[in-house]
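What follows is a short report on a single structure.
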Amino acid sequence: FPVTIWWIGDSYIKAFSDLQKADTNNFVSMELLSTHAVEILLKSYLGTKICINNKEKSETEISDLIDTSFRNLEHNLEKLFNEAQDLKQELGH
């Protein structure tokens, strides 16, 4: 599951990069893609963390934990970043 989310987020990053290279003035698409990429990459990180911290649980239980966590965080980037404090420290922020 987290690998799939990471792949999707990485694809958004590549699409954003390609759009930037095309030197378009389509800022709406660029902002949308970059926002989705950050959200998905953060969720991939958080989902992976849930998997690692609950490896003794069944796949269904882990899936439920991830689902509950993501529903609580919604699409709110601030909540996602606050949930990933250790990642923020690694990035120096």
Handout entry: Computed [θ] at 222 nm, deg cm²/dmol, the chain (DSSP H ≥ 4; -39,500 (n - 2.57); rounded to nearest 500)
Key = -26500 deg cm²/dmol
Practice task
With an 8 Å cut-off on Cα pairs and a minimum separation of 6 or more residues, tell me the relative contact order of region 21-93 in percent.
Solution key: 33 percent
Practice task
Assign one of three labels to region 2-93, namely rounded, prolate or oblate, based on the Cα gyration tensor with a ≥ b ≥ c the square roots of its eigenvalues; rounded applies when a/c is under 1.5, prolate when it is not and a/b is larger than b/c, and oblate otherwise.
Solution key: prolate
Completion exercise
Classified through the alpha carbon gyration tensor (a ≥ b ≥ c as square roots of its eigenvalues; rounded if a/c is under 1.5, else prolate when a/b is larger than b/c, else oblate), region 52-93 comes out oblate
Practice task
May I ask you to list the lysines whose Cα is less than 20 Å away from that of K14, ignoring any residue fewer than eight positions away on the same chain?
Solution key: K43
Handout entry: Electrostatic dipole magnitude of the chain [Cβ: Lys, Arg +1; Asp, Glu -1; Cα centre; debye, to 20]
Key = 100 debye
Practice task
Could you look at the chain and say what percent of its accessible area is carbon and sulfur, using a 1.4 Å probe and all protein chains?
Solution key: 56 percent
Problem - Candidates T35, T48, T68, ranked by Gaussian network fluctuation over the chain, Cα under 10 Å, top entry - result: T68
Fill in the blank from the handout: Heavy-atom accessible area with a 1.4 angstrom probe orders L65, L73, most exposed first, as L65, L73
Practice task
Straight distance only, please: which lysines reach the Cα of K49 with their own Cα at less than 21 Å, same-chain residues fewer than 8 apart left out?
Solution key: K57, K79, K88
Exercise for the section: Would you work out which of I66, H36, L87 lies farthest towards the positive end of the dipole of the chain? Charges go on Cβ: Lys and Arg +1, Asp and Glu -1. Expected result: L87
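The values are calculated or read from the model by the stated rules, or taken from the named source; none is laboratory data. All values reported here derive from a predicted model rather than from experimental measurement. Cβ atoms come from the backbone with ideal geometry, glycine included; neighbour counts cover every protein chain shown. SASA here: full protein model, heavy atoms, side chains in, ligands and nucleic acids out. Shrake-Rupley method; radii C 1.70, N 1.55, O 1.52, S 1.80 Å.
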